[in-house]
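Asker: Structure provided below as structure tokens; questions to follow.
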Amino acid sequence: MGKKRTRNPDDDDIMAEDVPVQGKKNDGDSSDSDEDMDIVNVDFELFNYDSTIDFHGVKTLLRQLLDADASLFDLSQLSDLIVEQNTIGSTCKVDDKANDAYAFLTVLNVQEHSKDAKKPVVKQLVEYLAERARKSQDENLAKVVPELLLGEGKQQVGLVLAERLLNMPAEVIPPMWSCMIDEIEAAVEDKEPYEFTHYLVLSRTYLEVESSLDQTERKNKRSKATGELQYFHPEDEEMRKFATAAGSFEYTREGEAAVADSKRAFQEMGIKPVGFMMLIEAANFQKAVQAIGEYVATGGISMETS
């Protein structure tokens, strides 16, 4: 697979690959046989951010990433910051650059952007994550993350924001991360502020919850979360192995309505979305990205649509 990036933000260099996505064959046959399967080849392409095109697509994905707490932040301001960093990170699209992104990935310098009084959204997000980390059951996360985010030391933290639409093929994941590694290295060589000591990866996870069809009971009783933490993004479980600290956190604006809607995803069990963050030292970040690539290549992640 060729590289997407040049350091010239005006270049339209892209990277594309046929990604096989399995779907049931629609031939008018009512049979549900798994033998009636076709392979649909789709060209997913990675692009530099374009401020004239990508604002709304990135904002939509940010709303999905931040889930119930999205309304706490100025997502328009955050989207502007992301698309203005057009040599760091990627959007993933189908067919044409002018389309909305199906996925995005970027990294923001916490210390650099938190100083910008005209665009306070990063500072607000940093304070929010520090507070969520303090309440984590992971003692390491509760202690280290607030100190790194809010401290006055020489540590430089890169806040990694990534999200994609559901049922995106796993094969698009490793190229996006690998490209960003290359872009960060090139930016450091150009004396840009991307020489991080740590990366804080923000993501989403969920817990299964007991489902109830009784509307009256649902209003008067909170759903009970059960079972182990589950991952919306399976590669997070692999990346977590390289984290200094990692843990989930509840959203501050989690409401009964949000949980009730999520129950529709399962017939017997519903889901309770929760935030998730991983702190990875810079020395281990590239190893984590390589592990994702190996995980996908060996079939650790699969996707099937119907």
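Asker: If you add up the charges near residue 294, with Lys and Arg at +1 and Asp and Glu at -1, over every other residue whose beta carbon is less than 14 angstrom from its beta carbon, what do you get?
Answerer: -2
Asker: So what's the net charge close to residue 233: Lys and Arg +1, Asp and Glu -1, counting the other residues with Cβ under 9 Å from its Cβ?
Answerer: -2
Asker: Quote the charge dipole size of region 75-187 about the Cα centre in Debye, to the nearest 20; the model charges only the Cβ of Lys and Arg (+1) and of Asp and Glu (-1).
Answerer: For this selection, approximately 400 debye.
Asker: I want the local charge near residue 150. Using Cβ-Cβ distances under 11 Å, sum +1 for each Lys or Arg and -1 for each Asp or Glu among the other residues.
Answerer: -2
Each reported figure results from applying straightforward, stated rules to the coordinates on display, with no laboratory input. Just so it is clear, the model here is predicted, and its values are computed rather than measured. Positions of Cβ are backbone-derived with ideal geometry, glycine not excepted, and every protein chain shown enters the neighbour counts.
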